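Data block below; observations after.
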């Protein structure tokens, strides 16, 4: 990578050079195992609780991450019996050059990544809906607010008070308005991502997907 390209990455980003590490990091089903260790130090037990996965599975994938030089042991806290190891990612962020991926085109890479994530999101959406409400289906309409563009959404969208949303919108925007929309959506996502970690209780993990592209 050129100096200019490197300067656009977050400070401390590790540029991946190993094909096996690139394959791991670009696999949506395996990326999640790295998440608890980014920019912090945690035990495998804490990581397993965060991921809501069995400790044995997290232990296996942590070992794989160590082999790929994506994870390292920071310290071993003594205790009666076996010491408790703490782990952290080897960098605060990782960059995988496209040339190191298995995809033949950028479109193929994006399609693969989004198909997997969309499948997970769709399954979660269906679980939240539970049994299909009477009259459930898709509503295709013009935007009632402006009478411009096409909106597609599921109706009904679950029981009242259910934090569930699924909407597709296609409509024309001026370039400046599209840039403003992108900034607003980005700011909204960052604001909610920065909320304090909730206490145990009614807290659940939610999936949010924002996307914008010219047609």
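The values are calculated or read from the model by the stated rules, or taken from the named source; none is laboratory data. The shown structure was predicted, so the numbers you read here are calculated from the model rather than taken from an experiment. All Cβ positions, glycine included, derive from the backbone under ideal geometry; neighbour counts span all protein chains shown.
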Enumeration of residues in the stretch 90-106 that are more than 12 Å from residue 26 (Cβ to Cβ) and in contact (Cβ under 8 Å) with a residue 60 or more places away in the chain: 90, 91, 92, 93
Meets criteria (assigned by TED's automatic domain parsing to the domain that holds residue 19 and in contact with a helix residue (DSSP H, G or I) (Cβ under 9 Å, 6 or more places away or on another chain)) for residue 81: no
Scan of the stretch 35-54 for residues that are under 14 Å from residue 94 (Cα atoms) and touching a strand residue (DSSP E or B) at 6+ places or on another chain (Cβ under 6 Å), ordered by number: 37, 38
Yes/no for residue 66 being more than 17 Å from the chain's Cα centre (by Cα), free of Cβ contacts under 8 Å to residues at least 40 places away in the same chain and either closer than 29 Å to residue 6 by Cα or surrounded by 13 or more Cβ atoms within 10 Å (Cβ to Cβ) (or both): yes
Residue match in the stretch 151-168 (condition: within 24 Å of residue 32 (Cα to Cα), touching a helix residue (DSSP H, G or I) at 6+ places or on another chain (Cβ under 8 Å), modelled with pLDDT under 85 and not assigned by TED's automatic domain parsing to the domain that holds residue 32): yes
Residue count, the stretch 183-213 (criterion: part of a loop (DSSP other than H, G, I, E, B) and out of contact with any helix residue (DSSP H, G or I) (no Cβ under 7 Å at 6 or more places or on another chain)): 15
Filter result for the condition that a residue is more than 23 Å from residue 122 (Cα to Cα) and exposed (fewer than 10 other Cβ atoms within 10 Å of the Cβ), over 211, 203, 180, 194: 194
Among residues of the stretch 28-60, those that are out of contact with any helix residue (DSSP H, G or I) (no Cβ under 8 Å at 6 or more places or on another chain) and in a loop (DSSP other than H, G, I, E, B), counted: 6
